[in-house]
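Taking it in order: structure first as structure tokens, then the write-up.
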Amino acid sequence: MGRTRIQNATIFTATGAAPFTGDVVVEDNRIVSVEAAARGEAPATDEVIDATGMFCMPGMTEGHAHLSFENVLGAEDLMAPSPETQAFTTARGAKALLEAGFTSAYGASEAKLRLAVAVREEVNAGRLPGPRIRAGGVEISVTGAMGDESREHNPRSSPSTIVDGVEEMRKAVRLHCREGVDNVKLDVSGDPFYPNTPGHTTPMTFEEVKVAVETAHAYRRKVNAHSRSIHGSKSCVRAGVDALLHCEYADEELLDMLTEARDRIFVVPTVGLFAQIMAGEATVHGISPEVGGYMNIPDLLENSIRTHTELRKRGVRHLIGGDYGLAWSPQGTQGRDLKFFVEYYGYTPAEALVCATRNGGLAMGYDGELGTLEAGKLADLILVEGDPIADISVLSGPDKVALVMKDGIIQKISAPLTARQNTPAREAAQ
Ligand SMILES: [Zn+2]
């Protein structure tokens with residue numbers, strides 16, 4: 001492969017540097033250079049993409065991906081469709097994310113165990129479009145908690161694996177590892193969608209969490225925990241969970257624990273769900289703000305704002321995304337979280353972009369080679385029409401994402417940008 005020069009863009013490196021005008025040069029799957037606009041002709045060997053007026057930034061990471069979720073309103077929508085149908089759904093989810101500028105998906109859970117694993121394999125083989133995927137399996141929960149759809153008079157399967165005790169947990173995690181899952185997901189706390197165990201309760205024991213983490217780490221996999229309760233989140237930090245999802249309720253001790261663990265743990269607030277419900281976006285689907293009130297959403301949102309604003313100040317690494325793919329939040333709109341991070345948690349737009357890019361890249365692994373625009377790093381980048389620093393909402397969907405490059409390969413390029421490629425860029429710009 002030759003060298004590609006993305007020329008005359010506004011470059012946001014996600015390293016803390018202020019945006020500047022310049023060129024990014026990519027060779028094979030690596031960034032060769034990131035430099036302020038050079039004078040004169042580009043080397044004749046370079047393929048040139050004229051990015052004048054465009055914003056060049058690292059590709060984003062969805063930090064809590066449910067690739068198989070599409071139009072989901074409840075557990076039935078995860079259980080009823082066949083795995084064959086859901087494999088297509090998952091492939092569509094992966095494609096939608098990629099086209100919206102997400103070059104990585106850090107998996108939470110899926111409707112069936114191997115959906116994200118199968119799509120990850122197809123994407124890695126170049127047979128399907130999609131981001132880099134750390135595949136999630138199904139949720140692992142305990143009897144009577146989130147995801148346990150069975151009742152004494154009506155025993156049935158659930159979208160989750162239900163375990164009780166250390167040995168059942170060990171078995172379930174090993175099974176996930178055997179089937180190729182990268183990220184094991186535990187339902188440690190309750191949830192507002194499950195009245196039997198609301199968000200502030202903690203049905204899963206510390207021993208269960210601990211054995212799950214030990215087992216997954218022995219297989220070199222990561223563990224994500226659904227945890228809204230203080231007790232549950234403390235269990236997770238003590239047990240060595242890699243990413244804490246939601247984490248609304250907190251006391252001083254938990255905040256201190258997370259601060260101490262900030263170099264190894266990621267926190268994913270998934271605030272979009274609450275914001276959308278309270279804005280009435282789910283009303284047509286039966287969850288009005290009033291219903292949200294009965295579900296305790298305003299209290300969860302208030303605590304989310306308090307906790308995550310404090311974690312931001314303490315330098316705990318946040319990721320954007322999570323719980324998209326519901327009936328009112330289609331795949332590919334995860335970039336809306338950037339605005340919520342600014343509005344609710346006090347991030348500047350540039351800091352919110354760092355959560356989406358640098359933090360996401362670190363969570364994905366790759367030994368720190370992903371998530372920033374720097375010489376030597378993996379070439380995952382996007383070109384955006386408009387300036388997200390001035391208006392963060394330009395990243396709310398795929399429309400303004402003009403180019404997506406993953407691992408040095410262009411995965412999406414808009415028609416106007418293709419047309420420009422035929423014009424010597426510096427001449428055109430003058
Ligand atoms: Zn989720």
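Among the trypsin sites (Lys or Arg not before Pro) within region 34-127, which fall in a DSSP loop and have no more than 11 other Cβ atoms within 10 Å of their own Cβ?
Values: sites: Arg39, Arg92, Lys95, Lys112, Arg114, Arg120, Arg127; in loops: Arg39, Lys112, Arg114, Arg127.
Here the sparse-neighbourhood loop sites are Arg39, Arg127.
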Quiz item: How much length is gained on full extension from Val284 to Glu260, taking 0.36 nm per residue of separation minus their Cα-Cα distance?
Solution: 4.4 nm
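In region 327-430, what percent of the accessible surface is made up of carbon and sulfur (1.4 Å probe, ligands and nucleic acids excluded)?
So the carbon and sulfur contribution to the accessible surface is 52 percent.
As an exercise, use a Förster radius of 35 Å and the Cβ-Cβ distance of Ser393 and Ala80 to find the FRET efficiency, rounded to the nearest 0.05. Before the final figure, lay out each step's value.
Details: r = 35 Å, r/R0 = 0.99.
So, using R0 = 35 Å, E works out to roughly 0.50.
Which is the longest run of the chain containing none of the chymotrypsin sites (Phe, Trp or Tyr not before Pro) found in DSSP loop states (not H, G, I, E, B) with at most 15 other C-beta atoms within 10 Å?
Numbers: sites that count: Phe193, Tyr219.
By the stated rule (loop sites, at most 15 other Cβ atoms within 10 Å), 220-430.
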Quiz item: Whole number please: convex hull volume per residue of the Cα set in the chain, in Å³?
Solution: 132 Å³
Quiz item: Lysine pairs, Cα distance under 19 Å, 8 or more residues apart or cross-chain: how many in region 60-334?
Solution: 13
Exercise. Leaving ligands, DNA and RNA out of it, report the carbon-plus-sulfur percent of the accessible area of region 143-199 at a 1.4 Å probe.
Key: 49 percent
Exercise. Could you check how much of the accessible area of region 224-270 is carbon and sulfur, as a whole percent, using a 1.4 Å probe?
Key: 44 percent
Exercise. Determine the calculated [θ] at 222 nm for the chain from helices alone, applying -39500 (n - 2.57) to every DSSP H run no shorter than 4 residues and normalising by the residue count; nearest 500 deg cm²/dmol.
Key: -9000 deg cm²/dmol
Self-check item: Mean shadow area of region 127-194 over all directions, Cα convex hull, nm²
Solution: 6.4 nm²
Exercise. For the chain, with a Gaussian network of springs between Cα atoms less than 10 Å apart, report the residue from Arg151, Arg264, Arg220 with the top mean-square fluctuation.
Key: Arg151
Exercise. Could you give the size of the charge dipole of the chain about its Cα centre, using +1 on the Cβ of each K and R and -1 on the Cβ of each D and E, expressed in debye and rounded to the nearest 20?
Key: 760 debye
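Measuring with a 1.4 Å probe in the full set of protein chains, what accessible area per residue, in whole Å², belongs to the chain? Before the final figure, lay out the partial values.
On the way: 16600 Å² over 430 residues.
Accessible surface, normalised per residue, equals 39 Å².
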Quiz item: Excluding Phe88 itself, what net charge comes from residues whose Cβ is under 11 Å from its Cβ, given Lys and Arg +1 and Asp and Glu -1?
Solution: 0
Practice problem: Springs between alpha-carbon atoms under 10 Å, Gaussian network over the chain: tell me which of Val401, Val72, Val271 tops the mean-square fluctuations. | Solution: Val72
Self-check item: Nitroxide proxy distance, nm - points 7 Å out along Cα→Cβ at Asp28 and Thr15
Solution: 2.1 nm
Quiz item: Does anyone have the angle between helix 206-218 and the longest principal axis of the chain? Alpha-carbon axes, 0 to 90°, nearest 10?
Solution: 40 degrees
Exercise. Would you kindly state how much longer the chain becomes between Asn154 and Glu121 on full extension, computed as 0.36 nm times their sequence separation minus their alpha carbon distance, in nm to one decimal?
Key: 8.2 nm
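The values are calculated or read from the model by the stated rules, or taken from the named source; none is laboratory data. Because the structure is predicted, anything quoted here is derived from the model rather than measured. For neighbour counting, all protein chains shown are included, and Cβ atoms are generated from backbone atoms with ideal geometry for every residue, glycine included. For accessibility, only protein heavy atoms count, side chains too; no ligands or nucleic acids. Shrake-Rupley method; radii C 1.70, N 1.55, O 1.52, S 1.80 Å.
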